Each structure stands twice: as structure tokens, then as C-alpha cells.
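The values are calculated or read from the model by the stated rules, or taken from the named source; none is laboratory data. Since the structure is predicted, the reported quantities are computational estimates derived from the model, not experimental observations. Don't worry about glycine lacking a Cβ; one is built from the backbone with ideal geometry, like all the others, and counts go over all protein chains shown. The accessibility values were calculated without ligands, DNA or RNA, using every heavy atom of the protein model including side chains. Shrake-Rupley method; radii C 1.70, N 1.55, O 1.52, S 1.80 Å.
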Amino acid sequence: EEKGKLDYYIQELKEQNGLMQANEEVQKSILLTNRSSHLETLKNLQELKQVEKELGTIIGKIKKESAMPALRSGLVLMKGKIPYPVQGTVLSGFGRSYNSKTNLFTFQKGLTIRSNKDAEVRAVFEGKIAYSGPLKNYGYIVIVEHTGQYYTLYGQLGKISVSEGESIKQGDIVGLAS
């Protein structure tokens, strides 16, 4: 009878040991996944910083070539009254925001708006098309220069409807959402 109890306990210990090993493997897998996800997020942040530098270079070039004076423009006077460029849901607003995926605070330099595919994206104010073309992580973009060396950027476009150098009015279509 004692041998039967010992065999039972030995079998019970083997099963518990097997469960512990399986649990340990699951935990290792979760840690590796979290680490991989974290590394991917860091890589994405580095890419975004690089794109931000490229964007700064583009805008710096535009400023050098600009014939528009640096004045307080109508765009600045419209602060708080500027229409959205596209109908949709605002996913992130301008300013400091918390990213729950990365546990980091970031500063949003614009709005992110979710819209329907092929929705018309319109200029929020009159200006001149300073740049139109692709930019990594932004898809196709359009940069509009406004009086006073102020700029608006329209990203994630599936189609561009304007050309560099073209003058536009508020409400003109600059492209279609992707």
C-alpha cells in the first residue's frame, strides 16, 4: 500500500513538474514577444525621427526658396477656427500625448484623422504647394506654404491632386485619403 502511495505521489510530482516546465516556456515566450515588440516600437520611433529630420530638411529648403515674407498671416489669425482637412474621427490631437503601447509621452505636431478611403482632403487655408510627393511613413504628402512661412502638411494620401508651385484656396482638394 505504501508503494502505491509513493507511486501516486511520484506521478503527481511528474505532472506538476511538466506543468511548471510548460508554464516556464510560456513565460519565456511572452518575455521574448514583449522584448521583440518593444524593439520593434523603438525601431519605429527611430524611423519616425529620421523622417522628421527629412521633413525638416524639406521645409528648410522651402523656406530658403520662399518668396513669402515672414509675417503674421491669416492662418495664424484663424487659430482655433481652422477647419479639418477631411471628414473623419480625430485619433490624436496636437500637443503632448501618451502612447500606451510604448509607455512614452510624445509631442504630436499635428492631428491624426481617420477617414474613409478616397475621402477628399482639402486645404485648410489658402497658400502655395511647396512640396508634393512620397515620404517614408507618411505615404504621399502635400505641404502647403501659407503667408508668414507657416506650413500645413497633409499625409497618408492615396492620390495627390495638386502640383508644386500651384496656388490654392481654402477648401481646394489637395488629394484623396489612402
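The table that follows gives values for the structure above.
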{"quantity": "Filter result for Gly148 (small (Gly, Ala, Ser) and open to solvent by 30 Å² or more (accessible area, probe 1.4 Å))", "calculated": "no"}
{"quantity": "Filtered residues of segment 78-96 (kept if part of a strand (DSSP E or B) and either aliphatic (A, V, I, L, M) or on the phi > 0 side of the Ramachandran plot (or both))", "calculated": "Val90, Leu91, Gly95"}
{"quantity": "Hits in segment 28-87 - residues which are modelled with pLDDT of 75 or more, closer than 27 Å to Glu164 by Cα and of a type in the set (S, T, N, Q)", "calculated": "Gln50, Thr57, Gln87"}
{"quantity": "Members of segment 151-176 that are surrounded by 15 or more Cβ atoms within 10 Å (Cβ to Cβ), of a type in the set (Gly, Ala, Ser) and modelled with pLDDT under 95", "calculated": "Gly155"}
{"quantity": "Residues satisfying the stated conditions in segment 83-104, i.e. open to solvent by less than 70 Å² (accessible area, probe 1.4 Å) and among the hydrophobic types (A, V, I, L, M, F, W, C)", "calculated": "Val86, Val90"}
{"quantity": "Phe125, sole failed condition from (1) over 13 Å from the mean Cα position of the chain (by Cα); (2) closer than 27 Å to Gln149 by Cβ; (3) surrounded by fewer than 18 Cβ atoms within 10 Å (Cβ to Cβ)", "calculated": "(3)"}
{"quantity": "Top-ranked residue in segment 105-118 [being surrounded by fewer than 17 Cβ atoms within 10 Å (Cβ to Cβ) and modelled with pLDDT of 90 or more; ranked as nearest to the chain's Cα centre (by Cα)]", "calculated": "Arg114"}
